[in-house]
Structures are given as structure tokens and as C-alpha cells.
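A short write-up of the structure that comes next.
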Amino acid sequence: MSGQQRTTMSAGAITKSQFDLAADLLELEPYMRRLLRMPFRSVAVEVPVRMDDGSIEIFRGYRVQHNGARGPCKGGIRFHPEADEEEVLGLATTMTWKTALVDIPFGGAKGGVQVDPRKLSRRELEGVTRSFTRRISIVLGPYRDIPAPDMGTNAQVMAWLLDEYSARAGYTPAVVTGKPVSLGGSLGREEATGRGCVYCMQEYSEDFGLPIKDSRVVIQGFGNVGAHVALFLHELGAKVVAATDVDGGLLNENGLDVPELFAHAYRERKPVAEFRGGQTITNEELWKIPCDWLVPAALGGVINRETNARIIDCKVVVEAANSPTTPSADRILEERGITVLPDFLVNAGGVVVSYFEWVQNLQQHPWSLERVNSELREKMRRAYRQVRDLVKERNIAWRTAAYMIALSRVAEAERLRGN
Ligand code: GLU
């Protein structure tokens, strides 16, 4: 998690402007643009919770179902102080394009509670989860809307959600993904977003002659996604020269000791900067470090015109986070010849394995880790190649090509269903 250097541009505004570019190229009718932009359903709720001191605190919660033309709505629940309605809508919209691009039978949704989970005790965190679930459970269901973890939530939170939902509807594991494996979660789900991200980089690396081995990698954000990307790239022989979290980070020109850093910062949840084995850097300094792959893996809007788009020194930006690049920064990076591999392609591995988890729950038949990883690789490879082919054919940016594929799939489903 990282709250560094954000712009005032919201995830919602970022996705809207990127949408328009692709919608123009596809010559989508005005009514279809409106249909694809507006949420199918948006629920705002109060989330009252009894705190440890006996008082009752009331938080704001949202569940936005953006589009369900291709299947049940799907997307994570974020616990974050900045998770407001607009942000959640932007993220729900991205989920629609993400599920369409990797061609899994889901639509897009997202949830959020405006709360800082780091300030909650475990009991209060459970209280927030149960209270929020009670209020949104009416719009959830295995064929309606299926939550998953996102920033500030994890498998334990999904287990409480499952328990709370099942108390009303009967045991329903397929109502939520990213559960603990012992409660019907899928093997490989925890690391799936990071793994999918690296599968994409491997494809790009082979296509464009940029070997992963010995390449220089810089990672912003060391939560679930950043930490796993670092680990898998290290295993492939890349040099992770710098990494940060919300409080700053570390630089080591010879490459950080990633397995040790993973244990320290991800498993033990200690600040990256407190790890020995590098020189400490600020979050601002990270952007200037020369590298081959720059991986933003934290909040949205961190790469922007105002602070860093002109000073970033990399060959490829790998958007492991959702909406890390603002549209104006996108244009600057394009002018500078820096490729941006877009979020809803690169970070789709999480929702792909969520889909596998849902399938395993419905069939009551768990898969092996090998099967999960090889089917994940296949899904990521296929989506990557479809985007790459369109990039080459139309000579457009990767993001625009990815949008064109996703938008046309959702528009086709809408039309077939009578819209
Ligand atoms: N929160 C993740 C995402 O943004 C996963 C969503 C899911 O698995 O439903 O893609």
C-alpha cells in the first residue's frame, strides 16, 4: 500500500478519458457509450461498527456494479480512507474491461469502505466487514455479484464475508473469491496478480527482445502485488534495484535481496526502508532511478504530468496497480517512447484465478496448483497476444488497443441481450 504523490485526478476521471479514445476509434453510438459508462447499480451504505472502547463509529461503504452483460459482476472490496463513490465507480468500470479483455464470463464491480484498516484492531476489522456485508448482501450472490480482496483487505476478510453471507443464504462459497484455501479458496490465488503480471512481462520480453534476466526493475508499492512481482522476477534472474512502500524505500544497484525483503516487508509487514541491504530513498526519488521495467503497484494517479512523467527513466511501465497513470502522463510517456502495459491487462491475473476459484466452488472440485498456474498463463498469453496484434495492426498505444477489444466485447453482449 502506498499513498505517495497522487494527483487530484480520480480513478473515475482517468478511466473516462481513456474510454473516450477507444470509443471514438470503435465509432460506438452515443447511446452505447452512455450504457457502457453508467453503472448498472450503485449502492451506498452506512457501516456502523462497535469499536473496542465501546463507542459506535459509522463509516461510509459502497458497492458499485458497473456492468453485468457478460456475466455476474466481479470485483474486489477495498478498505481505504480515500475509497469514495467516484473512486469505487472508476475501479468497478476497470473491472468490466478487465474481465472482458481476459475473456472470463463476468462483468465488473467494486466495493469500498472509507476506513483506514491499519487503525483498526482485528475485532474492529471483523466488525467493519460483517456490518458492510450485512448491508450489501442483498445485491450479492454467486450469479449476481462476487467480491474478492483488494487494497486493505485479504483472505481473512473474505472468510468473514463468506460467514456473514452464508448465515442468511446457507453455505455459499462461490459468493466470494480470494478465500483462505481451507475455506474453499483456490491454490495460487494469493500470488495470482503478481504471477499474471510477470507472465505478461515474459511475453513482452520475448516479443521485443528485452530479456528479464539481468534487467533492472523498480517497484513502487510492496503489498500483495508488488511483493509477488518482485519475488517472481528475482526468481527469473532480474535485478530488483529499488522498492518502496508508503513510508519510503530502498535502493541497491546490485539488486535487493528479494526473498529476505519479501519475508520482512510482506510476511512480517515491516516497512521496506527498515530492511538492511540498501540505501534508503524517498518515494519521490524512486521515479528517477534508471531501469528497464518500472512497476507501479500501489494507488492510482501516481504517474502524472505534474511530478514525474518527464523524469521517469525506464523502457516499459508495467501497470500492476489500477489506474496508476493519468491520461496526460500517458501522452508524455508515449511521446518519450516509453511503452505502458495497461493495468487491466497486466493485473488481470487476480481476477482470472478468482474465476478459477468460483468454478472450483460451483463444481466442488479443487484444482492442483499446476493446473491453476498453467491455465492462468494461457489466459494471460491469449489476452496479451490479442492486444499486441492490434497494437501492431493499428499502430496505437497498448492501452487503446486493450480498450478497443474490451469495449467491443461488452458492447456486443449488450446488443445481443437487446440493448
Ligand atoms: N481486486 C482485484 C482486482 O482489482 C481482484 C478482483 C477479483 O478477483 O474479483 O482485479
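Divide, for the chain, the radius of gyration over alpha carbons by 2.2 N^0.38 Å, where N is the residue count. Intermediate results must be reported in sequence, preceding the final value.
Working: Rg = 20.2 Å, N = 419, 2.2 N^0.38 = 21.8 Å.
So the Cα radius of gyration is 0.92 times the expected 2.2 N^0.38 Å.
So if R0 is 30 Å, what FRET efficiency would Lys270 and Gln156 give, r being the distance between their Cβ atoms, rounded to the nearest 0.05? Let's see the in-between values first.
Details: r = 19 Å, r/R0 = 0.64.
Efficiency computed from Cβ-Cβ geometry: 0.95.
Tell me, how many Å apart are the Cα centres for segment 119-156 and for segment 223-238?
28 Å
Remind me, what semi-axes does segment 247-288 give for its equivalent ellipsoid, largest first in whole Å, using sqrt of 5 times each Cα gyration tensor eigenvalue?
Values: eigenvalues 57, 30, 11 Å².
Value: 17, 12, 7 Å, ordered largest first.
With the other protein chains left in place, how much accessible area per residue, in square angstrom, belongs to segment 14-123 at a 1.4 angstrom probe?
On the way: 4520 Å² over 110 residues.
Roughly 41 Å² per residue, with all protein chains present.
Would you mind giving the average projected area, over all directions, of the Cα convex hull of segment 65-182 in nm² with one decimal? Show your work: numbers first, answer last.
Numbers: hull surface 27.7 nm².
For segment 65-182, averaging the hull's shadow over all directions gives 6.9 nm².
May I ask you to give the percent of accessible area on the chain that is carbon plus sulfur, with a probe radius of 1.4 Å? Don't skip to the answer; put the middle values down first.
Details: 8020 of 16640 Å².
Roughly 48 percent, rounded to a whole number.
Could you quote the convex hull projected area for segment 311-419, Cα atoms only and averaged over all directions, in nm²?
On the way: hull surface 37.0 nm².
Mean projected area of the Cα convex hull: 9.2 nm².
How do the peptides 172-179, 407-414 rank, highest first, by the average count of neighbouring beta carbon atoms within 10 Å per residue?
Numbers: 172-179: 24.6, 407-414: 18.2.
Going by the mean number of other Cβ atoms within 10 Å, highest first, we get 172-179, 407-414.
Which of Lys110/Lys288; Lys213/Lys392; Lys119/Lys379; Lys16/Lys119; Lys74/Lys315; Lys213/Lys288 have a Cα-Cα distance over 30 Å? Write out the running numbers ahead of the final one.
Details: Lys110/Lys288 33 Å; Lys213/Lys392 26 Å; Lys119/Lys379 38 Å; Lys16/Lys119 33 Å; Lys74/Lys315 33 Å; Lys213/Lys288 22 Å.
Lys110/Lys288; Lys119/Lys379; Lys16/Lys119; Lys74/Lys315, as the Cα separations exceed 30 Å there.
As an exercise, use a Förster radius of 25 Å and the Cβ-Cβ distance of Arg415 and Arg385 to find the FRET efficiency, rounded to the nearest 0.05. Write out the running numbers ahead of the final one.
Details: r = 26 Å, r/R0 = 1.03.
FRET efficiency, Arg415 to Arg385: 0.45.
Only residues of segment 319-335 count here: report those whose backbone N is under 14 Å from the spot 7 Å along Cα→Cβ of Arg305, or say none.
Counting only backbone N, you get 326-335.
Cβ neighbours within 10 Å, averaged per peptide: list 129-136, 81-88, 69-76, 279-286 in order, most packed at the top. Walk me through the intermediate numbers first.
Values: 129-136: 21.5, 81-88: 19.8, 69-76: 24.6, 279-286: 16.8.
Result, highest mean Cβ count within 10 Å first: 69-76, 129-136, 81-88, 279-286.
What number, in percent, do you get for the relative contact order of the chain if the mean sequence gap of Cα pairs under 8 Å and at least 6 apart is divided by its residue count? List each step's numbers first, then the result.
On the way: 906 pairs, mean separation 76.6, N = 419.
Answer for the chain is 18 percent.
For segment 294-419, what is the accessible area per residue in Å² when the probe is 1.4 Å?
On the way: 4980 Å² over 126 residues.
So segment 294-419 comes to 40 Å² accessible per residue, rounded to a whole number.
Could you give me the radius of gyration and the Dmax of segment 164-295, taking only the C-alpha atoms into account and expressing both in angstrom?
Values for segment 164-295 (Cα only, Rg and Dmax): 17.2, 55 Å.
Would you please classify the overall shape of segment 75-136 from the alpha carbon gyration tensor, given that a ≥ b ≥ c denote the square roots of the eigenvalues, rounded means a/c under 1.5, and beyond that prolate means a/b larger than b/c while oblate covers the rest? If you can, show how the numbers build up before the last one.
Working: a/c = 2.73, a/b = 2.06, b/c = 1.33.
Because a/c hits 1.5 or more and a/b exceeds b/c, segment 75-136 counts as prolate.
Quick one: length gained pulling Lys392 to Glu206 fully straight, 0.36 nm per residue minus the C-alpha distance?
Residue separation times 0.36 nm, minus the Cα-Cα distance, leaves 65.4 nm.
The values are calculated or read from the model by the stated rules, or taken from the named source; none is laboratory data. All values reported here derive from a predicted model rather than from experimental measurement. Cβ atoms come from the backbone with ideal geometry, glycine included; neighbour counts cover every protein chain shown. Remember, those area values only see protein heavy atoms, side chains included, never the ligands or the DNA or RNA. Shrake-Rupley method; radii C 1.70, N 1.55, O 1.52, S 1.80 Å.
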